[in-house]
Amino acid sequence: MRRFSLVARLGAKDKAKVAIVQGDSAVHELDFLDGDGRLAFGLGQALEQLSGLGLRTPEAAIDLALLAALVNASDTRISRAVNGQGGWTREIDLYLPVHDRDQWSEITEHVGRMLRFLTGDRWRLFVRQRPASHKTLATDTDKLPLHGLQGVSLFSGGLDSLIAAIDTLTSGGRPLFVSHYWDAETAKAQSYLLERLETKFGDDAFKSLRVRLGFDRNALDTGQVEDTQRGRSFLFYALATLAAASFGMRTTVSVPENGLIALNVPLDPLRLGALSTRTAHPHFMASVQRLIDSLELDATIENPYRHQTKGEMVGDCADLPYLRRIVGSSMSCSSPAKARYKGLSPRHCGYCVPCMIRRASLHAGLGTNDPTTYTVEDLSAQTLRSDRAEGEHVRSFQLMVERLRADPGLARILVHKPGPLIDVPAEIPSYADVFRRGVFEVADILDGVVAEPG
C-alpha cells in the first residue's frame, strides 16, 4: 500500500516548489490548464456557459470546483484493491493552489474529515497561493445577467431528478439545471430528458449547465483505475455551487433524492460504512454547507424530498401522465454498461439496489406496468443466487424486511448506522419512518422472489 500525493498545477508558468509532506508517497502532478491557458477537464466550458448567461463566478467557487475535480481524479485513478487497507481505505494527499490561502487554511482539516466520511479514505489537503499569472480564473462577461432564474437543481438523468424537474417546472419555477456526466449512458439520458422537458415547457422555461468531467490515463497516468467513485458526490455539489454562487444573491441548490437512498442504511454488514454511498446523507450535506459558508459563497443546499420514499415521489409528481410517458428514458442503474457482458445494449440491470428501489417506486406510484428495460425482466422467474450479483441485494432486502416486520421500532436505531444525525435531531423520527416505508415499498415487489445460496 502507498500513500499518493496529487499536485494541481495551473499552467506551464506554475513552477512553484511544492513541499511534499509524505516523502515516500507516489507523487503525480495534474495541470488544470489547457494549451490555450483556460481551465481544462470541462471546468473552462462550465465557466463559459455561466458567462453566456451573464453570470460571473466568484474565485472561491472556482477553487471549490478545482478541489472537487482533484478529488475525482484521485478517486478514479487510484485503485482500492492495490492501495487500500483492507481493500478499501486509501491515503491521499491533495496539493491545491487557491485564490485566498488564508481563507482555505482554516478549513483544510474540515475538508479531510468531510471526504473521509464520504469515501472512507484518509485525505489531507494542503493549499498554496495561486501563481500571480492566474490569480483570477473567472471568465469575464459582457452580457447582462439572465433575469428570472430561480435557484439551481441537480439533474442527473435519474428518476428523482426528473420528478423534481417536472414538479418545479409545472409550478412555474425557472431553474438552472446542473448536470455532470462522463459515461455515454448518463449523457444520453440527460440530453434526451432535457430535450423532452424543453419541448413540453418551452425553451425559456429553464437553463441547463452540463459538465463533462473525468480523467483518463492521458490526463493522470497512475496505471490504475477505480470504479467505486464515492468522491463523485462532492463533484456534484461543487459544480452546483459554482453555478449558484454566480447568481450574485443567496441561491438555493436543490438535491432531489428520496429519503431511503439519501440515508442509505446498510441492508447488511457487508454494505456498512463507505460501501454505501452517502451523496445526500444529512451529515455530508451539512459538512458541505459548512465548507460553502466558510468560503463565503451565497449558496444553500437542501433536499426537499428527504422525507419521501421514491414511490411517494412518483405518486405525488405534479404531472403524473407526463412522467408515465417519459420515465422509461431516465437512468437509475448503478452500472448499466454491465449488460454488455451478456451481449445486450446498456440498460438497467434490474437487481442492484437503485434498480430495485426504482422498480418498487414505479409499481407503487404508477400502478401500471414498469416501462423500463431491465436485463433481468422478472425477478421471480427463477431462483436467484444470493452469492451472486443477481440475488445478493434481493436477499439483503428480504432479510431487512423480516427484521422490520418483527420489530418496527428497529428503524429508529438503524438510521444512525450510515452516519451521525446530529445535524438534524428533530428529523430523526421522520427519517426512521421514511426508511421503514421505503423498505416495505420494495418488499411489495419481492413477493414470490426466491434468493438463496447456490
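Any read-out appearing in this document is the output of simple, stated calculations on the displayed coordinates, not a laboratory observation. Quick caveat: nothing in here was measured; it's all calculated off a predicted structure. Glycine also receives a Cβ, built like all others from the backbone with ideal geometry; neighbour counts cover every protein chain displayed.
Take the Cα of Y192, step 7 Å toward its Cβ, do the same at H416, and the gap between the two points is 4.4 nm. Between A426 and K200, the C-beta separation translates, for a Förster distance of 30 Å, into a calculated FRET efficiency of about 0.20.
Partner lysines whose Cα lies under 28 Å from the Cα of K338, excluding those fewer than 8 positions away in the same chain, are identified as K188, K310.
The Cα center of the range 349-399 and the Cα center of the range 142-196 differ in position by 27 Å.
Modelled spin-label separation between A318 and K338, with each label point placed 7 Å from Cα along the Cα-to-Cβ direction: 3.6 nm. This model, with +1 at the C-beta of Lys and Arg and -1 at the C-beta of Asp and Glu, gives the chain a dipole about its Cα centre of some 680 debye. Computed 3J(HN,Hα) for the range 171-183, one whole-Hz value per residue from the Karplus formula 6.51 cos²θ - 1.76 cosθ + 1.60 where θ = phi - 60°, is 7, x, x, 10, x, 9, 7, 10, 10, 10, 8, 9, 7, glycine and proline marked x.
Under 5 Å from the amide H of E226 lie the amide H atoms of R77, I78, each residue being 5 or more positions distant or on a separate chain, with H modelled from the backbone and absent for Pro and chain starts.
Between the alpha-carbon centres of the range 280-325 and the range 404-427 there is a gap of 19 Å.
Pairwise inverse Cα distances across the chain, averaged and inverted, put the Kirkwood hydrodynamic radius at 22.9 Å.
Taking N as the residue count of the range 52-130, its C-alpha radius of gyration divided by 2.2 N^0.38 Å amounts to 1.23.
I need the calculated FRET efficiency for the pair R388 and S345, taking r as the beta carbon distance and R₀ as 25 Å, to the nearest 0.05. The formula returns an efficiency of 0.70 here. For the range 135-144, the Karplus equation 6.51 cos²θ - 1.76 cosθ + 1.60, evaluated at θ = phi - 60°, returns couplings of 4, 10, 10, 5, 8, 5, 9, 10, 8, 6 Hz by residue, with Gly and Pro reported as x.
Couplings 3J(HN,Hα) of the range 213-222, computed from phi: 9, x, 9, 9, 5, 6, 8, 9, 9, 8 Hz, in residue order, whole Hz [Karplus 6.51 cos²θ - 1.76 cosθ + 1.60, θ = phi - 60°; x for Gly and Pro]. Between the beta carbons of E29 and Q103, assuming R0 = 30 Å, the FRET efficiency works out to 0.80 to the nearest 0.05. Full extension of the chain between L144 and L399 yields a length gain of 86.1 nm, computed as 0.36 nm times the residue separation minus the alpha carbon distance. Near the amide H of L125, within less than 5 Å, lie the amide hydrogens of L94, G112, all on another chain or at least 5 residues away, with H placed in the peptide plane. Looking at the range 1-144, the DSSP beta bridges with both ends there are about 10 percent antiparallel. Where a ≥ b ≥ c are the square roots of the eigenvalues of the C-alpha gyration tensor, would you call the range 196-322 rounded, which needs a/c under 1.5, or, failing that, prolate if a/b is larger than b/c, or oblate? Taking the square roots of the gyration eigenvalues as a ≥ b ≥ c, the range 196-322 is rounded. In plain terms, the residue of C352, C333 with the fewest other Cβ atoms within 10 Å comes first and the most crowded comes last, giving C352, C333.
Amide H contacts for R9 (H built 1.01 Å from N in the peptide plane; partners 5 or more residues away or on another chain; cut-off under 5 Å): L30, D31, F32.
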